[in-house]
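The values are calculated or read from the model by the stated rules, or taken from the named source; none is laboratory data. Just so we're clear, the structure is a prediction, and the values are computed from it rather than from any experiment. Counting neighbours? That spans all protein chains shown, and the Cβs are built from the backbone with ideal geometry, glycine included.
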């Protein structure tokens with residue numbers, strides 16, 4: 001459940017003093033000032049990525065500075081998704097000569113190679129361990145070359161989801177046996193948190209008439225609010241399919 005915090009009415013356009021941004025609302029321009037005492041989940045996930053890379057050899061190629069973490073809209077029953085910067089065939093932003101071109105995302109002057117989008121189910125309806133597992137699940141899709149492409153052998157079309165999640169589960173258990181409690185604590189939080197969101201995000205690069213920006217930077221991002229709540233108790237006799245980005 002993603003929320004935009006209430007704020008003073010101001011002209012839309014520029015960022016606010018506390019990390020928010022002025023948006024055009026239905027009742028007029030609204031400036032969404034973010035309260036500083038709310039936990040910064042974007043920063044928490046980045047710290048997790050960096051810590052995992054330093055403790056688990058299978059993730060040692062991951063560079064947190066090249067990973068952008070944002071909150072996004074629901075996508076089926078997914079808790080999160082990862083978007084690579086490059087096409088697997090060319091390992092570049094362009095698919096082929098005269099083909100589709102992915103937009104460039106650059107944050108603080110650094111080219112972003114992967115974008116992890118946290119979906120509403122990650123915030124509402126997940127346990128602490130499920131949130132951690134989801135982040136590792138998405139990171140495990142990244143190529144070992146960490147070149148902005150996905151690992152060909154770890155696509156769900158080649159590696160069944162249950163088998164993939166078992167691998168991720170073993171990696172997570174190994175990480176949890178040595179992880180710092182301070183790094184893990186934010187993922188058990190209940191309440192409102194700050195998280196980066198797109199003010200204007202990259203569109204589909206498959207469309208020939210793509211009219212979005214060629215370059216996206218922090219100017220197209222802002223800090224909004226998301227509500228974190230734990231998973232609801234499972235219904236009796238309820239089965240259901242495993243969700244992408246979770247442990248089965």
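Scan segment 46-62 and tell me whether some residue there is under 19 Å from residue 219 (Cβ atoms) and at pLDDT 50 or above.
The answer is no, given that none of the residues of segment 46-62 is under 19 Å from residue 219 (Cβ atoms) and at pLDDT 50 or above.
From the set of residues in segment 50-64 that are within 19 Å of the chain's Cα centre (by Cα), surrounded by fewer than 18 Cβ atoms within 10 Å (Cβ to Cβ) and in contact (Cβ under 8 Å) with a residue 24 or more places away in the chain, which is farthest from residue 184 (Cα to Cα)?
Only one residue tops the list, namely 61.
Could you tell me how many of the residues in segment 114-134 are within 23 Å of residue 202 (Cβ to Cβ) and not in a helix (DSSP H, G or I)?
Qualifying residue count for the region: 6.
So residue 32 ticks every box in (1) surrounded by 18 or more Cβ atoms within 10 Å (Cβ to Cβ); (2) at pLDDT below 95; (3) within 19 Å of residue 189 (Cβ to Cβ) but one. Which box is left unticked?
For residue 32, the exception is condition (3).
List the residue pairs whose Cβ atoms are under 8 Å apart, where the first residue sits in segment 181-210 and is on the phi > 0 side of the Ramachandran plot, the second is in a loop (DSSP other than H, G, I, E, B) and at pLDDT 70 or above, and the two are 6 or more positions apart or on different chains.
Once the first residue is on the phi > 0 side of the Ramachandran plot and sits in segment 181-210, its partners that are in a loop (DSSP other than H, G, I, E, B) and at pLDDT 70 or above give 191/38.
List the pairs whose first member sits in segment 135-160 and is on the phi > 0 side of the Ramachandran plot and part of a loop (DSSP other than H, G, I, E, B), whose second member is at pLDDT 80 or above and surrounded by fewer than 16 Cβ atoms within 10 Å (Cβ to Cβ), and whose Cβ atoms are under 6 Å apart, counting only residues at least 6 apart or on separate chains?
Between residues of segment 135-160 that are on the phi > 0 side of the Ramachandran plot and part of a loop (DSSP other than H, G, I, E, B) and residues that are at pLDDT 80 or above and surrounded by fewer than 16 Cβ atoms within 10 Å (Cβ to Cβ), the close pairs are 146/61.
Of everything in segment 39-57, what is within 23 Å of residue 167 (Cβ to Cβ) and touching a strand residue (DSSP E or B) at 6+ places or on another chain (Cβ under 9 Å)? Give them in sequence order.
If the condition is that a residue be within 23 Å of residue 167 (Cβ to Cβ) and touching a strand residue (DSSP E or B) at 6+ places or on another chain (Cβ under 9 Å), then 45, 49 are the ones that fit.
Residue under question is residue 244, and the condition is that it be farther than 21 Å from residue 72 by Cβ, modelled with pLDDT under 95 and assigned to a loop (DSSP other than H, G, I, E, B); does it hold?
no
Might you let me know whether segment 220-237 holds any residue that is at positive phi, at pLDDT below 90 and over 19 Å from the mean Cα position of the chain (by Cα)?
Within segment 220-237, one or more residues are at positive phi, at pLDDT below 90 and over 19 Å from the mean Cα position of the chain (by Cα).
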